[in-house]
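Trainee: So that we are looking at the same thing, I have put the structure below in structure tokens.
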Amino acid sequence: MIMGDRLLNKLREFGLNSYEAKIWVALLSRGISSAGELSDISGVPRSRAYDVLESLEKKSFIVMKIGKPIKYIAVKPQEVIERVKKKVRQDAEKQAEIIDELKNDELLQELDVLYSKGVEVIEPSELSGALRDRQNVYHTMNTMINNAQSTVEILTTEQGLIRKADSLKRSIDRAAKRGVQIRIAASITKKSQKAFDTLSKSAEIRSISSVKARICIVDDKEITFALMDDAKAVPAYDVGIWVNTEFFAGALKQMFENVWAATKTVEVKVKN
């Protein structure tokens, strides 16, 4: 049985390895079958077929038929999807409970003490790092904004504003409720209008067009900035720099203030 790479990759998203995917698809094509038959159809070695079928049974993809010889029955794919979704939800809830319990655990408090003592001996110039992959950049920005005490300034592009409305909205809303002043300078167009509407509830936003940069400054000391042109950067290969230094933050803050002073507050939908 020949299975396309596209189908095999999709089935891996179900949590199946290549042997499991091949056996399950073979069983779906037969409805009911024995391990030997499935091995012949799928090309999975007979020495592995029983282990694979046992694994599929534990994952609720198949049912073992009572009797001799032992045969297996395929579970309807739609039912499998529901079972997988339910298991993912249950696993996520369980992990969330474990994390919530950890928040109040003495171990976490001890780790916090170790971290605090460690940070105290770090030279300010060493508080920096390279962020590879756009997702990691946004994880860092979320952490920065969640810890913000007084100000957050963001300079970004049209696409950057759209992404921030999706990835940073909760952090920005929470910061605003704490009294943090949030200012965003970005390219506001019809395409980014929805993002503007979303973020403007918690931030003052002004429209820019001449400056193309992606920078986030928090409390005049912590910064993330992108190294690549947003129009050319591929998410998985996007690169950012995180720095915690008042000296460099002060220089970028002055640049932000110059840009901010040269822009106008956006109040209504933009015509473009």
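Trainee: Collect the residues in region 203-212 that are in a loop (DSSP other than H, G, I, E, B) and either surrounded by 18 or more Cβ atoms within 10 Å (Cβ to Cβ) or at positive phi (or both), keeping them in residue-number order. Spell out how you get there, then give the answer.
Mentor: Going through region 203-212, the residues in a loop (DSSP other than H, G, I, E, B) turn out to be 203, 208-212.
Selection gives Ala203, Ile208, Val211.
Trainee: Suppose the filter is touching a residue at least 24 places away in the same chain (Cβ under 8 Å) and of a type in the set (A, V, I, L, M); does Ala261 pass it?
Mentor: On the way: touching a residue at least 24 places away in the same chain (Cβ under 8 Å): no; of a type in the set (A, V, I, L, M): yes.
Spelling it out, it is not the case that Ala261 is touching a residue at least 24 places away in the same chain (Cβ under 8 Å) and of a type in the set (A, V, I, L, M).
Trainee: How many residues does region 230-253 contain that are over 11 Å from Val218 (Cα atoms) and of a type in the set (Lys, Arg)?
Mentor: Selection size over region 230-253: 1.
Trainee: Can you tell me how many residues within region 33-54 are buried (at least 17 other Cβ atoms within 10 Å of the Cβ), part of a helix (DSSP H, G or I) and hydroxyl-bearing (Ser, Thr, Tyr)?
Mentor: Final tally of qualifying residues: 2.
Every residue, every condition in (1) part of a helix (DSSP H, G or I); (2) assigned by TED's automatic domain parsing to the domain that holds Val211; (3) buried (at least 21 other Cβ atoms within 10 Å of the Cβ); (4) over 22 Å from the mean Cα position of the chain (by Cα), yes or no:
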| residue | (1), (2), (3), (4) |
| --- | --- |
| Gln149 | no, yes, no, yes |
| Ile154 | no, yes, yes, no |
| Gln159 | yes, yes, no, no |
| Arg163 | yes, yes, no, no |
| Asp166 | yes, yes, no, no |
| Arg170 | yes, yes, no, no |
| Asp173 | yes, yes, no, no |
| Asp197 | yes, yes, no, yes |
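Trainee: Let me ask something else about it. Out of (1) within 28 Å of Gly129 (Cβ to Cβ); (2) touching a Leu at 6+ places or on another chain (Cβ under 8 Å); (3) at pLDDT 85 or above; (4) crowded, with 16+ Cβ neighbours inside 10 Å, what's the single condition that is false for Ala226?
Mentor: Tallying (1) within 28 Å of Gly129 (Cβ to Cβ); (2) touching a Leu at 6+ places or on another chain (Cβ under 8 Å); (3) at pLDDT 85 or above; (4) crowded, with 16+ Cβ neighbours inside 10 Å, Ala226 fails exactly one: (2).
Trainee: Take region 242-254 and flag every residue that is closer than 15 Å to Leu155 by Cα and exposed (fewer than 15 other Cβ atoms within 10 Å of the Cβ).
Mentor: Listed by number, the residues that qualify are Gly250, Ala251, Gln254.
Trainee: Which condition does Val243 not pass, out of (1) at pLDDT below 90; (2) closer than 20 Å to Ser150 by Cα; (3) not in a strand (DSSP E or B); (4) not aromatic (Phe, Trp, Tyr), if it passes all the others?
Mentor: So the condition that Val243 fails would be (3).
The values are calculated or read from the model by the stated rules, or taken from the named source; none is laboratory data. All of these numbers come straight from a predicted model, not from anything done at the bench. Please note: Cβ atoms are built from the backbone with ideal geometry, for glycine as well, and neighbour counts cover all protein chains shown.
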